Amino acid sequence: MSTALNLDYDYDEACDNQEPVTATLISCDELRLEFLPTFFGVRYMMAGERHAYAAMGRLSSEYNGGHWNFYTLSNGGFYMAPRIKEIKLDEFGTVSGNAAGVAATMFAINRLLCDGVQGVALEKELSENYYRLRDFISELPESDRNRVYRAID
């Protein structure tokens, strides 16, 4: 049975790391094509993308689809976010499109892990990426940060 908790993750090291986590937009079309298979694996790239879109729909009744941006994080993580300025999360208030995407990506990763991805390496990498993304939340503006923490709690 698969678990979303990564027992090999060094929580103390992550807390001691005072280096800010930064996001880089993937704008090159060629790199965008590589994004999903790189981070979700070839076998799960469509499921990961679908889970992120579905999570966004559950978080916000305002969400009706659209183009998404892809980001890599300086700590090795990633996320995808709808290309919108802001959106109201039904139970948590208005956040930036980036903040909404962080929450949706975390839900997508969690869903893949709970469904049980095949392959120890991919499971470990997805688990680590979940925590890398969680570490990035502290870099969001305070109002976004608090709402994302409430949404993923």
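The values are calculated or read from the model by the stated rules, or taken from the named source; none is laboratory data. The structure presented is a predicted model; accordingly, all values stated were derived computationally and were not measured. A quick note on method: Cβ atoms are made from the backbone with ideal geometry, for glycine too, and the neighbour counts reach across all protein chains shown.
Determine if the range 39-56 includes at least one residue that is of a type in the set (D, E, K, R) and either outside any helix (DSSP H, G or I) or touching a Lys or Arg at 6+ places or on another chain (Cβ under 8 Å) (or both). Don't jump to the end; show me each part of the working.
Start the filter on the range 39-56 by keeping residues that are of a type in the set (D, E, K, R), which leaves 43, 49-50.
The next check asks that each one be either outside any helix (DSSP H, G or I) or touching a Lys or Arg at 6+ places or on another chain (Cβ under 8 Å) (or both); those that pass are 43.
Looking through the range 39-56, at least one residue is of a type in the set (D, E, K, R) and either outside any helix (DSSP H, G or I) or touching a Lys or Arg at 6+ places or on another chain (Cβ under 8 Å) (or both).
Quickly run through the range 136-151 and pick out the residues that are buried (at least 18 other Cβ atoms within 10 Å of the Cβ) and assigned to a helix (DSSP H, G or I). Working first, answer last.
So the first thing to find is which residues in the range 136-151 are buried (at least 18 other Cβ atoms within 10 Å of the Cβ), and the list is 136-137, 140, 144, 147-148, 151.
Residues satisfying the conditions are 136, 137, 144, 147, 148, 151.
Report yes if some residue within the range 26-38 is within 16 Å of the chain's Cα centre (by Cα), under 21 Å from residue 152 (Cα atoms), surrounded by 13 or more Cβ atoms within 10 Å (Cβ to Cβ) and at pLDDT below 95; otherwise report no.
no
Any chance you could count how many residues in the range 72-125 are under 21 Å from residue 58 (Cβ atoms), part of a helix (DSSP H, G or I) and of a type in the set (A, V, I, L, M)?
Final tally of qualifying residues: 10.
Across the range 102-125, what is the total count of residues that are among the polar types (S, T, N, Q), out of contact with any strand residue (DSSP E or B) (no Cβ under 7 Å at 6 or more places or on another chain) and surrounded by 14 or more Cβ atoms within 10 Å (Cβ to Cβ)? It would help to see each step written out before you state the result.
Of the range 102-125, the ones among the polar types (S, T, N, Q) are 105, 110, 118.
Still in the running and out of contact with any strand residue (DSSP E or B) (no Cβ under 7 Å at 6 or more places or on another chain): 110, 118.
Checking which are surrounded by 14 or more Cβ atoms within 10 Å (Cβ to Cβ) leaves us with 110.
Looking only at that region, the number is 1.
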